[in-house]
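**Q** Sharing a structure with you now.
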Amino acid sequence: MDKVELKYTHIMKTNYPQISWSCDASGGFIWIDATPKPDFDALWTAMKQDVYLEEIRVERDALLDKTDKYIMSDYVHAKKADYKVYRKTLRDLPAKYKYLMIGDYEYKDKVVTKDGIETNLFPII
């Protein structure tokens, strides 16, 4: 199976656990019962959200790696507390971004909140 098929499998398991299904040899779905099924648009929307959240996690993890040294006990500097807050904000990003995602999702550094306010996604230290 390729990456897209794996994403669809993950999405079905997490978003539609009540639907009985399996995959055929070509990676397509076989519906096992008469439970109402999600349409393609619903699956595509869920997949895009999942993909963008993964992209955010990758970028977030890179930023966390770059700042590891600043919170080590033997690394003394004046902004240690600031870096702890910064790293906490980074760890919370996927949940924050999932809340902010509405409409046709696009991966970008600035997002528009549900209140119509534009905000930076990644914190700046």
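**Q** Which FRET efficiency, nearest 0.05, do GLU59 and LYS80 yield, Cβ-Cβ r, R0 25 Å?
**A** Numbers: r = 23 Å, r/R0 = 0.93.
The formula returns an efficiency of 0.60 here.
**Q** Additional query: Using 0.36 nm times the number of residues separating ARG91 and ASP68, minus their current alpha carbon distance, what extension gain do you get? Let's see the in-between values first.
**A** Numbers: separation 23, 0.36 × 23 = 8.28 nm, distance 1.28 nm.
Gain on stretching ARG91 to ASP68: 7.0 nm.
**Q** Hey, what's the Cα Rg ratio for the stretch 10-67 versus the globular rule of thumb, 2.2 N^0.38 Å? Could you put the intermediate results ahead of the total?
**A** On the way: Rg = 15.6 Å, N = 58, 2.2 N^0.38 = 10.3 Å.
With N residues counted in the stretch 10-67, Rg over 2.2 N^0.38 Å equals 1.51.
**Q** Still on this model: What residues qualify as long-range amide H neighbours of TRP21, i.e. H under 5 Å apart, gap of 5 or more or another chain, H built at 1.01 Å from N?
**A** ILE32
**Q** Follow-up. In this model, which of LYS37/LYS96; LYS48/LYS84; LYS13/LYS37 are farther than 20 Å apart at the alpha-carbon?
**A** Numbers: LYS37/LYS96 29 Å; LYS48/LYS84 31 Å; LYS13/LYS37 13 Å.
In this structure, LYS37/LYS96; LYS48/LYS84 exceed 20 Å between Cα atoms.
Read-outs throughout are calculated quantities, based only on the coordinates presented, and are distinct from any laboratory measurement. Bear in mind that the values here come from a model prediction, so they are computed numbers and not experimental data. Please note: Cβ atoms are built from the backbone with ideal geometry, for glycine as well, and neighbour counts cover all protein chains shown.
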